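Everything below concerns the one structure shown next.
The values are calculated or read from the model by the stated rules, or taken from the named source; none is laboratory data. As the structure is a prediction and not an experimental result, all values here were calculated from the model. Neighbour counts are summed over all protein chains in view; Cβ atoms, including those assigned to glycine, are modelled from backbone coordinates with ideal geometry.
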Amino acid sequence: MKNLFCIIFIFFINIASCFANEELYFIKKNEVFLENTGNVLELRENAKKIAFQKALNILAKNILDPQDFLTFTQISDYKLIDLINDYKIESEKISDINYFAEISVNFNQKKVRGFFDKNNIKLNIFVSENYLIFPVYKKSKTIYLWDKDNLFYDNLINEYDQQSLLKLYFPKKNHINRLKISADHIISKNSEKINEFLDFYKKKKAIVIFLEENFEMNENVFKTKLEASLFSNNTFSNIQIDSNNLKSNQGTSSEIELIAKLVINELQNWWKNQIDLEDAEVDLKDLILVVVDTQDFKKSFQVEEILFQIFGSQNIRIKEIREKDTVFEISTNYSINHINLGLQSKNLKLIKDVEEKNIFLIESY
């Protein structure tokens, strides 16, 4: 039985290594517009080069801190094609004047990691849990939330990249949601109503984004107020939004599109900062032992797949197979808090075993 388990486990490692985090490294439908020079083959090759670089830039922005992304943009000595598993031209349109293509690019996870390691650039690859978004928009004394006229909601969704590390959930603008919770409940920080709404959508945390735009007739300008906060465990905490990137807090026209772009970018940076904060913990370990309950065969493989996604199969080995569980030896520089940050999106966490020293149990919560 143990031999059979080992065979299945080895097979599973190979599968997990191939598909771990594949969504993160698959950049879909990169649009390329070119002037039609008359040579279709040449246009297609140029479009591929542009799409490949554009895709890598998107991937790098998703998994790097802003400062590291700047470092990445200054690197020129590499073969981009070596980082790519495959690609697909999703659509192609050619007119007498223009050439247009949508090209999806699938990067090789191992080679991308190696590329950044070689250039001493650290990756942030932990995917967040789903944060439910409350986009409150106030304009001319009218407050919108799940209303059809909430343009802030629409612009936030347009700017949100589902392939980013930060996972956001936008409830639909409909009558049901208007009955369940209102903008007034959010503004007044009604924890009971917010928790009920979160429970309905099976989410644990929410991000409240409040935007107020008012046109001052006397001054002939729009004035804006922008705030964001995290709701977790019945507590609100401020999320710092750097509005210095806005052209002005006082303009002659609405900047709602620019503000939405800023908010999504700042929230993504906020999530990466959470990872960096956990990185600063002092409980770093070179080697940890993690016990996985193998009595539920299907569940144990799901847990193992998650571990492979976080650490990579090259950093995990079976140390011991016992009657009811398996002990994995994991080589890592992540702190336990850091690991739990990566596990929270899967409703899992590491808990130190009170009976066995230096061993951690992985449990659901």
(request) Inspect all residues belonging to segment 330-349 and state whether any of them is in contact with a strand residue (DSSP E or B) (Cβ under 6 Å, 6 or more places away or on another chain), among the hydrophobic types (A, V, I, L, M, F, W, C) and over 26 Å from Ile63 (Cβ atoms). (result) no
(request) Give just the number: which of (1) assigned by TED's automatic domain parsing to the domain that holds Ile63; (2) free of Cβ contacts under 8 Å to residues at least 60 places away in the same chain does Phe100 not satisfy? (result) (2)
(request) Residue by residue through segment 198-234, note down the ones that are touching a residue at least 60 places away in the same chain (Cβ under 8 Å), farther than 23 Å from Trp271 by Cα and either of a type outside the set (Phe, Trp, Tyr) or buried (at least 17 other Cβ atoms within 10 Å of the Cβ) (or both). (result) Glu212, Glu213, Asn214
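Results for (1) assigned by TED's automatic domain parsing to the domain that holds Lys29; (2) charged (D, E, K, R); (3) at pLDDT 95 or above, shown as yes or no for each residue.
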site: Leu156; (1), (2), (3): no, no, yes
site: Glu159; (1), (2), (3): no, yes, no
site: Gln162; (1), (2), (3): no, no, no
site: Lys167; (1), (2), (3): no, yes, no
site: Asn174; (1), (2), (3): no, no, no
site: Ile181; (1), (2), (3): no, no, yes
site: His185; (1), (2), (3): no, no, yes
site: Asn190; (1), (2), (3): no, no, yes
(request) Determine whether Asn124 is within 28 Å of His338 (Cβ to Cβ) and at pLDDT below 95. (result) yes
(message) Residues that are of a type in the set (A, V, I, L, M, F, W, C) and closer than 20 Å to Phe236 by Cβ, at least 3 per element: which strands (runs of 3 or more DSSP E) completely within segment 129-225 meet that?
(response) 130-139, 205-216
(message) Given the options Lys167, Lys189, name the one that is on the phi > 0 side of the Ramachandran plot and either under 27 Å from the mean Cα position of the chain (by Cα) or among the β-branched types (Val, Ile, Thr) (or both).
(response) Lys189
(request) Check whether at least one residue in segment 91-103 is modelled with pLDDT of 90 or more, exposed (fewer than 15 other Cβ atoms within 10 Å of the Cβ) and in a helix (DSSP H, G or I), and report yes or no. (result) no
(request) Could you check, for segment 181-197, whether at least one of its residues is over 26 Å from Lys261 (Cα atoms), of a type in the set (Asp, Glu) and free of Cβ contacts under 8 Å to residues at least 60 places away in the same chain? (result) yes
(message) Contact list please: Cβ distance under 6 Å, first residue in segment 66-83 and assigned by TED's automatic domain parsing to the domain that holds Lys48, second residue small (Gly, Ala, Ser) and assigned to a helix (DSSP H, G or I), pairs at least six apart or on different chains.
(response) Phe69/Ala60; Phe72/Ala60
(message) Here are the criteria: (1) modelled with pLDDT of 95 or more; (2) within 19 Å of the chain's Cα centre (by Cα); (3) part of a strand (DSSP E or B). Tell me which single one Asn106 does not satisfy.
(response) (1)
